[in-house]
Amino acid sequence: MIALGTSERGLAAHNSIDRTMQRIEMLVEREMDALASRASIDLRESNNGKSQALLELGLAARSLEGVPLDPELVHRLKALRGKLEANRAVLRRHLEAVREIASVVADTIKDREWDGTYSQHAGSGGAQR
């Protein structure tokens, strides 16, 4: 096995990081577009894809230990972080809306199912006087 020099190792890691960042950006943009346009999207699959890509990014970043960081790469990583924060905020709003809608639906179902069978007169066998 041939050991890579610092510059070759740095270039290989940089290329790996670049490809992974592009994939993360594509996944985030696709998810954001789908949520904004209310298109159907499998959020579990989307989340799994982002998680896998972020794991790969972390592994690739470890290979840069001891290698000077390219300022352009640092700038792109900061931009990616901003996109991920925006994605998190949109997902949080989406989840809050889903919870609110679920609560309204649950309350509506409860109200429609209640027929007065169990009223305050239940202690007297249900008979009214």
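FYI, it's all coordinate maths here, none of it is from the lab. Worth saying up front: this structure is predicted, and the values here are computed from it rather than measured. FYI the Cβ positions are ideal-geometry reconstructions off the backbone, even for glycines, and counts take in every protein chain you see.
Hey, got the dipole for the range 6-113? About the Cα centre, +1 on K and R Cβ, -1 on D and E Cβ, debye to the nearest 20? Present the calculation step by step, with values, prior to reporting the outcome.
Working: 18 positive and 18 negative charges, 22 e Å.
I would put it at about 100 debye.
Report the gain in length on full extension from R76 to Q52: 0.36 nm times residue separation, minus Cα-Cα distance, nm rounded to one decimal. Walk me through the numbers on the way to the answer.
Details: separation 24, 0.36 × 24 = 8.64 nm, distance 1.91 nm.
Gain in length upon complete extension: 6.7 nm.
Tell me the relative contact order for the range 6-113 as a rounded percent, counting alpha carbon contacts under 8 Å between residues six or more apart.
38 percent
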